[in-house]
Amino acid sequence: DAGVIQSPRHEVTEMGQEVTLRCKPISGHDYLFWYRQTMMRGLELLIYFNNNVPIDDSGMPEDRFSAKMPNASFSTLKIQPSEPRDSAVYFCASGTGTLNEQFFGPGTRLTVL
Amino acid sequence: AQTVTQSQPEMSVQEAETVTLSCTYDTSESDYYLFWYKQPPSRQMILVIRQEAYKQQNATENRFSVNFQKAAKSFSLKISDSQLGDAAMYFCAYRASLGSGGGADGLTFGKGTHLIIQP
């Protein structure tokens, strides 16, 4: 299995631009999580899905952030408009029903200038 | 809300020695899961070991073992025979049991401990 796939690996954009991060979970996993890692706040959960349905988005910082999971093999995290304080590493992770382990993707390093 | 605290921002150990990383957590739940994740410079998050709260026996994975003290809400990681490849950030994480509601299925992480291995 290829593991969790995230794209792009690095993204540099200017303030005000729309940014879309992509994730392909491991086949057969029914949970998908989006996390953000910053020096100040550490690793924090943004939103997660179960069977493509958003379960909890209380970690999404503002209305500028949105996430979708149109099918079991694809999810997006969109920031519009982006701001410099959104600069972080964004991780996608997936897991099965028992959630004994969450498998993380390699992360997307986002820099907003 | 659950919190996870790692009080050691950085630890250093000689190669082949043993090191213990500390983690405490706060929860009102009786059933939950605890994890240690390793993040090397590649930034890939790698599961090191997990512990289910209802199991009294401490988890062990080769050179890695935990000391789980449920009453004290403590979950330390012991690395024996430290190797250069163990150098990384180590994160302690908590997850409530499935079905607890809200964001319980996600992981709550500590701020991490940077482990340095001295050759």
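No value in this document is a laboratory result; all are computed from the given coordinates. Here the structure is a predicted model, which means the values were calculated and not measured. Quick reminder, even Gly has a Cβ in these numbers, built from the backbone with ideal geometry, and neighbours come from all protein chains shown.
Check chain B and count each lysine pair with an alpha-carbon distance under 16 angstrom, considering only pairs eight or more places apart or from different chains. Within chain B, the lysine pair count is 4.
Of the chymotrypsin sites (Phe, Trp or Tyr not before Pro) found in the stretch B:1-75, those that fall in a DSSP loop while having at most 14 other beta-carbon atoms within 10 Å are B:TYR54.
Among the residues of B:106-118, the average count of other protein chain beta-carbon atoms within 10 Å of the residue beta-carbon is 4. Measuring r between the beta carbons of A:ARG109 and B:GLN56 and using R0 = 41 Å, the FRET efficiency lands at 0.50. At full extension, A:SER87 and A:ARG9 could sit 26.7 nm farther apart than now, given 0.36 nm per residue minus the alpha carbon distance. Each Lys and Arg Cβ is given +1 and each Asp and Glu Cβ -1; about its Cα centre, the protein assembly as shown then shows a dipole of about 120 debye.
As a ratio to 2.2 N^0.38 Å, the alpha-carbon radius of gyration for the stretch A:68-113 is 1.40.
When each of A:ARG36, A:ARG9 is scored by the number of other beta-carbon atoms lying within 10 Å, the sequence from fewest to most is A:ARG9, A:ARG36. At full extension, A:ASN71 and A:GLN17 could sit 16.8 nm farther apart than now, given 0.36 nm per residue minus the alpha carbon distance. Computed from label points 7 Å out along Cα-Cβ, the spacing between A:SER27 and A:ASN52 is 1.7 nm. Taking every residue in A:42-48 and counting other chain Cβ atoms within 10 Å of its Cβ, the average works out to 5. Using the Cβ-Cβ distance between B:ARG43 and B:ALA72 with R0 = 41 Å, the FRET efficiency computed as 1/(1 + (r/R0)^6) comes to roughly 0.80. Note on chain B: GNM, Cα springs under 10 Å; of B:LEU21, B:LEU34, B:LEU84, the largest mean-square fluctuation is that of B:LEU84.
Pairs of Cα atoms nearer than 8 Å and 6+ residues apart set the relative contact order; for chain A it is 37 percent. Shielding by partners for peptide B:86-95, expressed as the average number of C-beta atoms from other protein chains within 10 Å of each residue's C-beta, is 1. Here the Karplus relation 6.51 cos²θ - 1.76 cosθ + 1.60, evaluated at θ = phi - 60°, turns the backbone of the stretch B:57-71 into coupling constants of 6, 6, 6, 9, 9, 6, 7, 9, 9, 10, 10, 9, 10, 5, 5 Hz, with x for every Gly and Pro. A simple spin-label model places pseudo-atoms 7 Å from Cα toward Cβ; at B:MET11 and B:SER80 they are separated by 1.5 nm.
Across chain B, the relative contact order, built from alpha-carbon pairs under 8 Å that are at least six residues apart, equals 36 percent. Annotation: amide H of A:LEU46 within the under-5 Å range of A:TRP34, A:TYR35, A:ARG36, sequence separation 5 or more or interchain, hydrogens built in the peptide plane. Summing +1 for each Lys or Arg and -1 for each Asp or Glu among the other residues whose beta-carbon sits under 13 angstrom from that of A:ARG9 gives +2.
The residue list B:GLN8, B:LEU47, B:GLN118 was ranked by how far each Cα lies along the charge dipole of the stretch B:3-119 toward its positive end, using unit charges on Cβ atoms, and B:LEU47 comes out on top.
Look at where the Cα atoms of the stretch A:34-112 and of the stretch B:8-59 average out, and the two centres are 23 Å apart. Among A:LEU45, A:LEU32, A:LEU21, whose mean-square fluctuation peaks in a Gaussian network model of chain A (Cα, cutoff 10 Å)? Maximum fluctuation in the GNM of chain A, among the listed residues, is at A:LEU45. Between B:ALA88 and B:LEU115, the built amide H atoms are under 5 Å apart, and every one of these is 5 or more places off in sequence or on another chain.
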